[in-house]
Amino acid sequence: MRTTLPRLLAGIALLLFFIFSTTGCPAETDAQKIYGSDSDYFIGLKLISEGNEKEARTRFNNCIKKGSYYCAKRSAEALCSFGNIQEKNIAAENLIKKFPDEDSLLIAAKQFKSSGEINKLIECTGTLDFKTAKNELIRLRLEAMGSRGDSAFESEVYRWFTECPLSTEHYQFYRDFYVHPDFDKALENSESEFAANLVYTPQQFAMQFRIEAYKRNYSYTVLYAKKLFEYFEEKILSPQPQLVSDIGKSFLYGSTEFSKNAAECKQLAEAYRGTPAEFYFWFYSGRLYDKAGMYYKQTKTGFENAMLAAADGSQKDNALWYLLNTSLNFSMDSIISSIGQYSRQWEDAEYFEDFFEQLVTALLASGRWNEFGTIYKAIDGYASDLTVAQFAYIYGRLIQEGLAEGSESDMTAAFERACKSGTSMYYKVLAAYRLGITQNDFLSNAKLSEILNAPGGKTGTSDDAAGKLLTGYAYFGFPQYIYTEWQKFPSGTISDDVNFYLADFLAKCADKDNKEYYTQSLRIAARAQLYSKTALSKDEMALVYPNFYNNFVSEYCKKYELDESIMYSLIRSESFFEADVISSAGAVGLTQLMEFTAGDIAARFKMSDYSLTDPETNIRFGTWYLANLISRCDNSLLLGFFSYNAGISRVRRWLQSSLTEFGKKSNMPLDLFLETVPFAETREYGRKLISAAAAYEWTYNPQNYDAIVEELLK
């Protein structure tokens, strides 16, 4: 377990932040001792904010020469942002010379475009790999080539449109710079003489086909797929995988002749055997036969051949995922008997978690209780820890309820396996409870701590230079840069200590005018937990499960008789403590209340003027609403959570259906009920809130941990 040093350093950094905000940068001797030449970058930022460009330029240049990688690179980037046009262009040239990566190229390309240096833009982007380069960067290059009348313009545009998945950058470029002026008219009336006489190159036709597929105009694209087949057959165009994928989507969503189109894809897969197009033809053959129904053998053959033709693990996993999901509808016995074989073939075990979610509900609905034991043993070591824990826990509970065959030792072994579910708290909390591992029992307290505070264990390699850049922003008083910079680094590259240090610092910087730091702190801490290699300390658990807005939560939980851990778990799960967030469905604020629900609550409180983005108002309304739902659900916390998410009437229907599935008239075990809820999103919602509530109680009120877990399950 780590020490509290990161929190101590964060506190020191916060103190320095407040001092520096009024007195300037730290004493240079102190900064040099800690950050060496990297301090010149941060001091340069301060000088820029004060308008001292000359001294800032000196600092940045010094850091470029002597600083660590990221501080030197950010210094070179900063030089591109001020000065006259000539100075910015020189800085851009130096940036890509010293740091020749895509981020640098994008900064330089934008600078060359703004200054009219088209030739320099084209020259610096000449070696881009279109399959991996950022679309924004490719677009800048192509626009420059088009404006110059470059002879390679047409061929490079075609490459971009056929080698990459289409994006908004493609669509905007095509609309603004490349669209064939008469294609839209022809598509509106494809039978007209005008359409028949429309002049275009095969490449233009293929790109327009992709644009229409991107816009999901499959009723159009399915009509023109035959034309592409002619180009392929005549070797005018090659069957690029992205084109073939769009053809498959067109057959799937733009036509009802599923079996006919499936047979054609199968024939083309055989014709293009050994090419990158083979995978997609087999893949869509499988999907189309599946859509046709009653073609299980052909469907299975399509996906199995797609797996054999896959160019990489992600393609193989995609085909296998569809094969498994198809099998759920056609042959449950077949999939159960071969699940161990399939699990040994995938690349990314987490990719298949949602399939196993569907399998759980299917097994429970059909009363195949004993299969859970068979499956969890078969997939252990191959499926994700979360999936294995899920099957193991359910199997143990089914034995406990007398529904599945198994001994007490089988049940205990299943629960013990469920305790090892990585960073997913839900099955660990429940399995420990079933094993009698409690907080208040002195002998088992250490065991519970080991289970709940277990490290995430995801692999990654720490980048010390990145850590130095990020902690420097805290030390020198630039919290506004931390989260944006942190997001640029791949998961697992920032050390645990640095992540928790940053999370703690941002949490301490947050106030009513800087509420965004609460959410940023939590996001950093949550990822730190995933990649942690040692058990989390209580202080670190408090960053992963923070009690922000504790004055409001405490006041209204006391007023409406709700445990604080329940309310914190709701806020964390609903909004991640983002006070101003509005969901796509229109839910607002910390507790994600809909406006019509808030209106009813406001009327009850006789409030005519209120704002759901105000933290106090939102917490007050949300606390009252959740407490009210729990009381209407016979004081069941889980049913109250579900009702908050999906509505109380719907939850009551689900509960009645679940009782029927299990052959019960009453007293439905709520942990098993959760697994039968028909919507995966709602099931996961329940798991998140139960595990978060338990984690909050464990972190802030451990003496009440056992009671809250028992209450969550009743």
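The values are calculated or read from the model by the stated rules, or taken from the named source; none is laboratory data. Everything numeric here is computed off the predicted structure, so don't read it as measured data. All Cβ positions, even for glycine, are placed from backbone atoms using ideal geometry, and neighbour counts span all protein chains on display. Surface areas here come from the heavy atoms of the whole protein model, side chains and all, with no ligands, DNA or RNA. Shrake-Rupley method; radii C 1.70, N 1.55, O 1.52, S 1.80 Å.
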Inset, instruction - Could you please report the charge total around Pro615, scoring K, R as +1 and D, E as -1 over all other residues with beta-carbon less than 10 angstrom from its beta-carbon? - result: 0
Inset, instruction - Write out the chymotrypsin sites (Phe, Trp or Tyr not before Pro) in the range 286-318 meeting two conditions: DSSP loop, and at most 12 other Cβ atoms within 10 Å of their Cβ. - result: none
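How big is the Kirkwood radius of the range 632-714, worked out from every pair of different alpha carbons and given in Å to one decimal? The partial results should precede the final answer.
Numbers: mean 1/r = 0.0758 Å⁻¹.
One decimal place: 13.2 Å for the Kirkwood radius.
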Legend entry - Gyration tensor over alpha-carbon atoms, the range 385-501, equivalent ellipsoid semi-axes in Å: 41, 15, 10
Legend entry - Gained length - Asp176 relative to Lys110, 0.36 nm times residue gap less alpha-carbon distance: 22.0 nm
Legend entry - Under 11 Å, Cβ to Cβ, from Glu257 - net charge with Lys/Arg +1 and Asp/Glu -1: +1
Inset, instruction - Tell me, rounded to the nearest percent, the portion of alpha carbon pairs in the range 44-138 spaced more than 16 Å apart. - result: 54
Inset, instruction - Taking H placed 1.01 Å from N in the peptide plane, check which residues at least 5 places from Leu612 or on another chain put their amide H under 5 Å from its amide H. - result: none
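Within the range 661-713, which trypsin sites (Lys or Arg not before Pro) sit in a loop by DSSP and count at most 15 neighbouring Cβ atoms inside 10 Å? Intermediate results must be reported in sequence, preceding the final value.
On the way: sites: Lys664, Lys665, Arg683, Arg687, Lys688; in loops: Lys664, Lys665.
The qualifying sites are Lys664, Lys665.
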Legend entry - Computed lengthening from Lys227 to Gln487, 0.36 nm per intervening residue step minus Cα-Cα distance: 89.2 nm
Legend entry - Dipole in debye (nearest 20) - the chain, about Cα centre, beta carbon charges: Lys, Arg +1; Asp, Glu -1: 200
Legend entry - Loop-located chymotrypsin sites (Phe, Trp or Tyr not before Pro) in the range 585-693, at most 14 other Cβ atoms within 10 Å (DSSP): Phe605, Phe679
Inset, instruction - State to the nearest 20 debye the size of the charge dipole of the range 360-519 about its Cα centre, where the only charges are +1 on K and R beta carbons and -1 on D and E beta carbons. - result: 180
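May I ask you to give the average projected area over all directions of the convex hull of the Cα atoms of the range 478-590, in nm² rounded to one decimal? Intermediate values should be presented prior to the final figure.
Working: hull surface 32.2 nm².
Approximately 8.0 nm², given one-decimal rounding.
Remind me, what semi-axes does the range 564-714 give for its equivalent ellipsoid, largest first in whole Å, using sqrt of 5 times each Cα gyration tensor eigenvalue?
Numbers: eigenvalues 140, 70, 38 Å².
The equivalent ellipsoid of the range 564-714 has semi-axes of 26, 19, 14 Å.
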Legend entry - P(r) weight above 16 Å for the range 337-386, C-alpha pairs, percent: 36
Legend entry - Rounded to whole Å, sorted largest first: equivalent-ellipsoid semi-axes of the range 557-634, Cα gyration tensor: 18, 16, 11
Legend entry - In sequence order, calculated HN-Hα J values of the range 406-414 (Karplus, 6.51, -1.76, 1.60; Hz; x Gly/Pro): x, 8, 5, 5, 4, 5, 4, 4, 5
Legend entry - Phi to ³J(HN,Hα) by Karplus 6.51 cos²θ - 1.76 cosθ + 1.60 over the range 667-675, Hz, x for Gly, Pro: 6, 5, x, 6, 5, 6, 4, 3, 6
Inset, instruction - Would you list the P(r) distribution for the chain, with all Cα-Cα distances sorted into 20 Å bins from 0 and each bin expressed as a whole %? - result: 14, 37, 39, 9, 0
Legend entry - Protein accessible area in the chain, 1.4 Å probe - carbon and sulfur %: 48
Inset, instruction - With r as the distance between the Cβ atoms of Glu710 and Glu555 and R0 = 25 Å, compute the FRET efficiency 1/(1 + (r/R0)^6) and round to 0.05. - result: 0.40
Legend entry - In Hz, Karplus ³J(HN,Hα) per residue of the range 424-440 (6.51, -1.76, 1.60; θ = phi - 60°; x = Gly, Pro): 6, 6, 4, 6, 5, 4, 5, 5, 4, 4, 5, 7, x, 8, 10, 6, 7
Legend entry - Residues whose placed amide H lies under 5 Å from that of Leu593, excluding near-sequence neighbours: Val588
Inset, instruction - For the chain, build the charge dipole from Cβ charges (+1 Lys, Arg; -1 Asp, Glu) around the Cα centre, then report which of Leu137, Asn440, Ser532 sits farthest towards its positive end. - result: Asn440
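More than 20 Å apart: what percent of Cα pairs in the range 281-344 qualify?
Numbers: 386 of 2016 pairs.
Every Cα pair in the range 281-344 considered, those over 20 Å come to 19 percent.
What does the charge count around Tyr289 come to, taking other residues whose C-beta lies under 10 Å from its C-beta (Lys +1, Arg +1, Asp -1, Glu -1)? Show your work: numbers first, answer last.
Working: positive: Lys266, Arg287, Lys291, Lys297, Lys300; negative: Asp290.
Charge balance near Tyr289 sits at +4.
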Inset, instruction - Express in whole angstrom the spacing between the alpha-carbon centres of the range 557-632 and the range 689-708. - result: 21
Inset, instruction - Report the calculated FRET efficiency for Ile85 and Thr461 (r = Cβ-Cβ distance, R0 = 41 Å), to the nearest 0.05. - result: 0.50
Legend entry - Exposure rule at most 12 other beta-carbon atoms within 10 Å, DSSP loop GluC sites (Glu not before Pro): the chain longest free segment: 235-404
